[in-house]
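Here is the structure we will look at, set down as structure tokens.
Each reported figure results from applying straightforward, stated rules to the coordinates on display, with no laboratory input. As the structure is a computational prediction, the values presented were derived from the model and not from experiment. Cβ sites come from the backbone with ideal geometry, for glycine too, and all protein chains shown count toward neighbours.
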Amino acid sequence: MMINKFKAHPWHGISIGSEAPNILTAFIEIVPTDTIKYEIDKESGYLKVDRPQKFSNVVPNLYGFVPQTYCGEKTAEYARTKSGKDVEKGDGDPLDICILTQRTINHSDIILQAIPVGGFRMIDKGEADDKIIAILKGDEVYECWKDITDCAPAIINRLRHYFLTYKGIPNIGEKPTCEITHTYGREEAYEVIKRSQEDYRNKFLIDK
């Protein structure tokens with residue numbers, strides 16, 4: 001078949017998985033050894049250079065997105081309700097995900113199976129920009145963690161620090177553009193995932 005001769009677009013051509021939101025497919029854009037921030041090129045599906053990572057700030061865990069999701073109005077509505085903040089809209093990107101594992105994965109542009117345990121409700125310039133936190137399926141050490149409360153506080157704090165500082169430049173006096181209103185558990189993560197799936201269907205699959 002001709003379809004098998006071409007690489008699927010990581011955002012649109014890969015399934016989120018039949019067991020979502022309990023188990024998700026995740027596409028990895030960045031790994032902890034990267035000093036460059038890569039992100040998916042939405043048109044071509046290839047990874048592209050977004051920018052060099054600033055100073056010593058590098059992502060502490062695997063980082064990417066959940067295919068066939070979109071942060072739109074349903075995601076923003078949930079962020080408004082839960083945070084009490086004036087969230088104007090979703091950020092217009094697929095749902096971000098961080099993967100915890102004790103195994104070293106040295107390169108990105110891969111897919112894996114992940115088990116959500118929670119997330120961060122992040123708001124960036126008035127836009128919903130949730131970060132799902134998940135465990136690599138089959139990880140011998142971390143797979144026993146079922147909810148964000150099972151995770152070591154140092155791991156969660158390290159992730160929080162990264163997302164609150166990765167866009168900033170020290171000593172120039174600019175006000176931070178993003179905030180994490182709170183850390184949430186597995187059930188809220190499931191709801192964010194479901195809403196991002198609905199936003200995706202509304203954006204890309206329903207004829208206007």
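Could you sort 122-129, 31-38 so that the peptide with the highest average Cβ count within 10 Å comes first and the rest follow in order?
122-129, 31-38
Kindly rank 85-91, 184-190 from highest to lowest mean number of other beta carbons found within 10 Å of each residue.
Ranking, from highest mean packing down: 184-190, 85-91.
Could you tell me what percent of the DSSP beta bridges with both partners in the chain are antiparallel, to the nearest 5?
So the antiparallel bridges amount to about 80 percent of the total.
Count the DSSP beta bridges whose two residues both fall in segment 76-182, then state the antiparallel fraction as a percent rounded to the nearest 5.
Bridges in segment 76-182 are about 65 percent antiparallel.
Compare the Cα positions of G118, I40, Y78 along the charge dipole of segment 1-135 (+1 at Cβ of Lys, Arg; -1 at Cβ of Asp, Glu; about the Cα centre) and return the one farthest towards the positive end.
G118
Can you sort L95, L112, L159 by how many other beta carbons sit within 10 Å, fewest first? Show your work: numbers first, answer last.
Working: L95 31, L112 18, L159 22.
Taking fewest neighbouring Cβ atoms as first place, the list is L112, L159, L95.
Could the peptides 191-204, 60-73 be put in order, highest first, of the mean number of other beta-carbon atoms found within 10 Å of their residues?
For the peptides 191-204, 60-73, the packing ranking is 60-73, 191-204.
Let me see the pair-distance distribution of segment 29-115: every alpha carbon pair, 10 Å bin width, integer percents in order.
15, 39, 34, 12
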